[in-house]
Structures are given as structure tokens and as C-alpha cells.
Amino acid sequence: MQPTKLHFIQKEILRTLTMQKWARFRDMRPARVDSNLYNYHLRLLQRNGLVEKVENKGYRLSPEGLRYVDYVSLEQFEPRQQPKLITKLVLVDENGRILMWPKYKQPFIGTWSLPSGKVHFDDESVTAAAHREIAYITNSPVKLTHAGLMEVEARIHGVVITHILEHVFHGTIKAQAVTHELTQWQISGDLDNLECSPGTREAVAFGIDGGPFRYEHVIVDW
């Protein structure tokens, strides 16, 4: 499990290993740090799976360590905020209605949105992630078309509240196949009368347009 807070000695060790493939024991020791204290924190990094020692070669970042340093700033060595990567599903039934659900948590709680979910590290692809979300809301497989990528930034008083990269998929589904209790069918013409989360109306138009794979950047001042 990746740590949420690291001691400054551990940060210095990881920073050294970030800038080179291999390092010797003495090369990673921060200046003016007691050798026993340094050794203690190096062992902690090994125990937590971020650093590994290879006989006759030295120390290097483990796979977990490589993943960790990929998401920290080199200056502060703290996790940095990243745009979320999600799949968003524009699903219509035989009557042209669109499947939606209300957001149950902040930001933008209570607004209407499309079924969506974060892409996981262990997902084989974004398409696989989209089908995982399909399985969450329906008992029937759905043929999906990957419409493209939408980048959505929502701001309040100039502050970026959320920054999302959305892989938008479109598919047709039978109404009776939907099993998730929070979903509701909405008529596309009524979306202007709903309080929708930022980028939702744009995603609907994007998904059902039927054009070639494309990219769109949407900025919403909420």
C-alpha cells in the first residue's frame, strides 16, 4: 500500500532513486543524517515495498515505488492532484431515452449525471473499464462504441473544482435490462430542464453524435 505521508529521510532516499536506476547504500544517505536513523528509514521503505535490494547491484525502486514516484511532485515529494480518468456511458433505450442517475456525493451532489466510473490500474483497457460499469447497472451485455475523449473542467469563482478526462461510450440497451435502483430514464429533450452535473449535456451530445473518434474540451463556470 502506498504511504500517504513520508518522513523527510524517506523522501530523500526516494528522490535519489528517482533520478537513477541503481544506488549504493552510501549514495542514498542524506547529508548530516545519523547512519542508524538513515538505516532505519531505508528498512522501512523496503518493508513497505517501495525500495528493493538486489544482490551485487544495489538498491532500486520496486514496482510499487515506481508507481508511487510517478504521482508525486519532485520538488515536495508529495502526491499531487491529477485529472481523474473515467469512463462515461451514454446509454439509450429503444425509445431514445437516456439512462441517468443523480450524483450521491460532492462535488455537485444531487445533480443529474450519466453512469460513469474511474478507470482502475488493473483494468485491461478503458473499454474493459466501461464494460465493468455496464455490469454494475445491467444484467445484459451491451455493445459499446467509443465516441472519443472529453476533458471537463468545472470552476467555481475561478477555482478548479474538478478536472476530468472522460472516455465517452455510446450504446443501446433494453430498459428492462437495467438493474441499478438509482438509475432513471430521461427524455433527451428534457435535459435542459434538469440540473445536470458539469459536462453532462455536452457528453450526451458527444456520445450520440455518431461522428469519428474525437476530442473536446469543456470548461464550465458553475
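Just so it is clear, none of the values below were taken in a lab; they were calculated from the coordinates. Source: prediction; values computed, not measured. Here Cβ is always computed from backbone atoms with ideal geometry, including for glycine, and neighbour counts include all displayed protein chains.
Is there a quick way to get the dipole size of the chain? I mean about its Cα centre, with the Cβ of Lys and Arg at +1 and of Asp and Glu at -1; what is the value in debye to the nearest 20? Could the numbers behind the result be given before it?
Numbers: 27 positive and 26 negative charges, 273 e Å.
The dipole of the chain has a size of about 1320 debye.
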Quiz prompt | Share antiparallel - DSSP beta bridges, region 84-221, percent rounded to 5 | solution = 55 percent
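What's the FRET efficiency of Ser125 with Gln76 using the Cβ-Cβ distance as r and R₀ = 41 Å, to the nearest 0.05?
Values: r = 33 Å, r/R0 = 0.79.
E between Ser125 and Gln76, to the nearest 0.05, is 0.80.
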Quiz item: Can you work out ³J(HN,Hα) from phi for every residue in region 67-73, in order, using Karplus 6.51 cos²θ - 1.76 cosθ + 1.60 and θ = phi - 60°, giving whole Hz and x for Gly and Pro?
Solution: 5, 5, 5, 5, 10, 10, 7
Quiz prompt | Long-range HN-HN contacts of Glu151 with modeled amide H, under 5 Å | solution = Glu166, Glu216, His217, Val218
Self-check item: With at most 16 other Cβ atoms within 10 Å, longest stretch of the chain clear of loop GluC sites (Glu not before Pro) (DSSP)
Solution: 125-180
Quiz item: Using helices alone, what [θ] at 222 nm do you get for the chain, with -39,500 (n - 2.57) per DSSP H run of 4 or more residues, divided over all residues and rounded to the nearest 500?
Solution: -7000 deg cm²/dmol
Exercise. Identify, among Ile98, Asn36, Ala154, the residue whose Cα sits farthest towards the positive end of the charge dipole of the chain, taking +1 on the Cβ of Lys and Arg and -1 on the Cβ of Asp and Glu, with the dipole about the Cα centre.
Key: Asn36
Quiz item: Between Lys53 and Lys84, what is the label-to-label distance in nm when each label sits 7 Å out along the Cα-to-Cβ direction?
Solution: 4.2 nm
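Of all trypsin sites (Lys or Arg not before Pro) in region 36-113, which ones are in loop regions per DSSP and have a Cβ with at most 12 other Cβ atoms within 10 Å?
On the way: sites: Arg43, Arg47, Lys53, Lys57, Arg60, Arg67, Arg80, Lys84, Lys88, Arg97, Lys103, Lys105; in loops: Lys57, Arg80, Arg97, Lys103, Lys105.
For trypsin sites (Lys or Arg not before Pro) across region 36-113 that sit outside H, G, I, E and B with at most 12 neighbouring Cβ atoms in 10 Å, the list reads Lys57, Arg80, Lys105.
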